[in-house]
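Colleague: Below: one structure in structure tokens.
The values are calculated or read from the model by the stated rules, or taken from the named source; none is laboratory data. Model, not experiment: these values are computed from the prediction. Here Cβ is always computed from backbone atoms with ideal geometry, including for glycine, and neighbour counts include all displayed protein chains.
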Amino acid sequence: MGGKKYYIIESVIIISTIIVSFIFWEQKDLVLYSILIMGTSLSMLAMTCNRKLKKEVLQTTEELKEANKDLLLQQEKIHNLAYYDGVTLLPNRTYFIDALKTVLEESKFTGNKFAILFIDLDKFKQINDTFGHDIGDVVLKIITKRLKKRLKSNGLLARAGGDEFFVLLKDIETEGEIINIAENILQSIKRPVITDKCEFYVSLSIGISIWDDKIIDENQLMKYADIAMYNAKKMGGNTYRIYYEELSKHEMENLMIANSLRNAIAKDELNLSYQPKIDIDSGEVVGMEALLRWENSEIGQIFPDKFIPIAEDTGLIIPIGTWVIKEACKMNKSMLDLGYPPMRVSVNISAKQFKDVNFINIIKDTLKDSGLPANQLELEITETFALIDVKNTIEMLSKLKEIGVYISVDDFGKGYSSLNYLRDMDIDELKIDKSFILGLTKNPKNASIAKTIIMLAHQLNMNVTAEGVEKVEDLLFLKSNKCDKVQGFYYSKPVTKDIFIDYLNEYNKETC
């Protein structure tokens, strides 16, 4: 419209100029004629410049609008990256903590109770390891959809990271409300999760912490939820637990151990002790068992029966177990390089390690890197986990025997003691559990069990080692019944590498 207006004005000026110019020309008034022509030209020039300026202003305005639009989009992207999860599109941990802080401050004034739920997917790592992270992400999206449907407007759902979620429940009147929500969440996961690749059955462990005026900040509240969730996992998962004060001391200790254990390898706090294995006939040291020890810089010495179950529960047993295998192989190879006669080093293997898809490759790579001959490595498994999945155990043992490693069953007689698996599995040795060896000569039943295990092993062409030998009379009983090897405090407690070498030197001198 503005452009059309300028063209009309220009046309009027041009027509008027022509008429007036004609009049001045007729009257021979050249001065006025010249002034008129000049004025008209300047007016036309000014209008042309004005029109061009306006066009440029309009163009610049549009460019600024586009730039502002791009800036807003960029700001939105940055905000989403900072506060939202890229896979589930849920608020992330940062968003959740900010929201939790706000609710906490409000509750300090209003007194309104609220709770947080810490949700962890049980054994989700197996899905990622077996089917890949793409399928794992699909499962997470389906789980997210179900959680949102169950919660509706009752709470803020956020992804804490990995396979963990947070829920913030505001304005809670009773504990029963929270339990009802937790049970609804568990119920929503019972149906299988179906993807285009497979069908999965997933379960959850839920830890609940409820705010009261004793709680100082959001970190304390989240820590309590973590403790309760860990307790739910210990109960086998697929359940919820509410944090109560009596949980605190025991679970806090376990949580501290778990957190410290995560950095134990990096801090060089783990070490191996070695207990010699003695050939019962020759009296020679023919092997050694590598036993894990942990000296924490703050807590002090932590015994294996305390931290190994925690390592199992948290999955830390995989990296720690790998470290043990590598260190044991490296130590044994160094013994060979120093000129000591070949002997096997035995390492205890956990159920989680044995099920790990990378386990066979870890053994192959470790032997290759260390240079230790495969037959100088002994892997000890327990009969309890060997029978959990017999088919998988048989396959794994077959692969390990192809590599050339030596296989023994630890704590034999303490678990299922099924003769079928001894027949079907490729096993080299049975280790009699020390509970049958202690007081051997004073307990006829223990003596009968030990004698039977020795006979059974030999009938199946297996060797036998007796653990926990402490008294000479027990040693003599085992020798008379043709036990192959023994280990225990009668000969040596577990010792460091250097002390083991000193022991080996002294012992060999005495037996020569």
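Colleague: Based on this model, can you work out whether Phe359 counts as buried (at least 20 other Cβ atoms within 10 Å of the Cβ) and either basic (Lys, Arg) or over 24 Å from Asn461 (Cα atoms) (or both)?
Modeller: Yes: the conditions hold for Phe359.
Colleague: Looking at (1) assigned to a helix (DSSP H, G or I); (2) without any contact (Cβ under 8 Å) to a residue 60 or more places away in the chain; (3) within 22 Å of Lys431 (Cβ to Cβ), find the lone condition where Met331 falls short.
Modeller: (2)
Colleague: Under 6 Å between Cβ atoms, which residue pairs at least 6 apart in sequence (or on different chains) link something in the stretch 109-128 that is in the same structural domain as Lys234 (by TED's automatic domain parsing) with a partner that is among the charged types (D, E, K, R)?
Modeller: Pairs found: Asn112/Asp171; Phe114/Lys170; Phe118/Asp226; Asp120/Glu164; Leu121/Asp163; Phe124/Asp163.
Colleague: Further question: Out of Gln353, Gln301, I need the residue that is touching a helix residue (DSSP H, G or I) at 6+ places or on another chain (Cβ under 8 Å), without any contact (Cβ under 8 Å) to a residue 40 or more places away in the chain, under 17 Å from Leu261 (Cβ atoms) and polar (S, T, N, Q). Which one? Give the steps one after another, and end with the answer.
Modeller: Working: Gln301 fails: touching a helix residue (DSSP H, G or I) at 6+ places or on another chain (Cβ under 8 Å).
Gln353 is the lone residue from the list that is touching a helix residue (DSSP H, G or I) at 6+ places or on another chain (Cβ under 8 Å), without any contact (Cβ under 8 Å) to a residue 40 or more places away in the chain, under 17 Å from Leu261 (Cβ atoms) and polar (S, T, N, Q).
Results for (1) of a type in the set (Val, Ile, Thr); (2) crowded, with 18+ Cβ neighbours inside 10 Å; (3) within 38 Å of the chain's Cα centre (by Cα), shown as yes or no for each residue.
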position: Thr465; (1), (2), (3): yes, yes, yes
position: Val472; (1), (2), (3): yes, no, no
position: Leu478; (1), (2), (3): no, yes, no
position: Tyr490; (1), (2), (3): no, no, no
position: Lys493; (1), (2), (3): no, no, yes
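Colleague: So in the stretch 95-123, with the set limited to residues that are among the aromatic types (Phe, Trp, Tyr) and out of contact with any helix residue (DSSP H, G or I) (no Cβ under 7 Å at 6 or more places or on another chain), which one is surrounded by the fewest Cβ atoms within 10 Å (Cβ to Cβ)?
Modeller: Only one residue fits best here, namely Phe109.
Colleague: Test Val357 against the criterion of being within 20 Å of the chain's Cα centre (by Cα) and either closer than 30 Å to Lys482 by Cα or not in a helix (DSSP H, G or I) (or both), and give yes or no.
Modeller: Criteria met by Val357.
Colleague: Continuing with the same structure: Of these, Ser153, Ser205, which one is out of contact with any Leu (no Cβ under 6 Å at 6 or more places or on another chain), surrounded by 19 or more Cβ atoms within 10 Å (Cβ to Cβ), assigned by TED's automatic domain parsing to the domain that holds Gly236 and polar (S, T, N, Q)?
Modeller: Matching residue, one of Ser153, Ser205: Ser205.
Colleague: Right, another one. Based on this model, can you work out whether Asp212 counts as within 23 Å of the chain's Cα centre (by Cα), exposed (fewer than 14 other Cβ atoms within 10 Å of the Cβ) and over 28 Å from Phe124 (Cβ atoms)?
Modeller: For Asp212, the condition - within 23 Å of the chain's Cα centre (by Cα), exposed (fewer than 14 other Cβ atoms within 10 Å of the Cβ) and over 28 Å from Phe124 (Cβ atoms) - is not met.
Colleague: Then there is this: Would a scan of the stretch 429-441 turn up a residue that is surrounded by 15 or more Cβ atoms within 10 Å (Cβ to Cβ), outside the structural domain of Asp498 (by TED's automatic domain parsing) and free of Cβ contacts under 8 Å to residues at least 24 places away in the same chain?
Modeller: So in the stretch 429-441, the residues surrounded by 15 or more Cβ atoms within 10 Å (Cβ to Cβ) come out as 429-434, 436-438, 440.
In the following step, the residues that additionally are outside the structural domain of Asp498 (by TED's automatic domain parsing) were identified as 429-434, 436-438, 440.
Now drop any that are not free of Cβ contacts under 8 Å to residues at least 24 places away in the same chain, which leaves 436.
Scanning the stretch 429-441, I find at least one residue that is surrounded by 15 or more Cβ atoms within 10 Å (Cβ to Cβ), outside the structural domain of Asp498 (by TED's automatic domain parsing) and free of Cβ contacts under 8 Å to residues at least 24 places away in the same chain, so the answer is yes.
Colleague: For Ile135, indicate whether it is under 25 Å from Ile97 (Cα atoms), in contact (Cβ under 8 Å) with a residue 60 or more places away in the chain and either in the same structural domain as Lys355 (by TED's automatic domain parsing) or among the hydrophobic types (A, V, I, L, M, F, W, C) (or both).
Modeller: Criteria not met by Ile135.
Colleague: Do we have Ala466 as closer than 25 Å to Pro341 by Cβ and either hydrophobic (A, V, I, L, M, F, W, C) or not assigned by TED's automatic domain parsing to the domain that holds Glu312 (or both) here?
Modeller: So Ala466 passes the test.
Colleague: Can you tell me which of Val324, Val285 is at pLDDT 90 or above and under 24 Å from Val469 (Cα atoms)?
Modeller: Val285
Colleague: Further, regarding this structure: On the basis of being surrounded by fewer than 16 Cβ atoms within 10 Å (Cβ to Cβ), under 30 Å from Glu506 (Cβ atoms) and not hydroxyl-bearing (Ser, Thr, Tyr), does Trp294 make the cut?
Modeller: no
Colleague: When you check Phe131 against the structure, is it farther than 30 Å from Phe359 by Cβ, in contact with a strand residue (DSSP E or B) (Cβ under 9 Å, 6 or more places away or on another chain) and either of a type outside the set (Ser, Thr, Tyr) or surrounded by fewer than 21 Cβ atoms within 10 Å (Cβ to Cβ) (or both), yes or no?
Modeller: no
Colleague: Continuing with the same structure: Got at least one residue in the stretch 396-405 being of a type in the set (A, V, I, L, M, F, W, C), touching a Ser or Thr at 6+ places or on another chain (Cβ under 9 Å) and closer than 27 Å to Ile363 by Cα?
Modeller: no
Colleague: Another one. Tell me which helices (runs of 4 or more DSSP H) are completely within the stretch 161-277 and hold 3 or more residues being free of Cβ contacts under 8 Å to residues at least 60 places away in the same chain and among the β-branched types (Val, Ile, Thr), or say none if there are none.
Modeller: none
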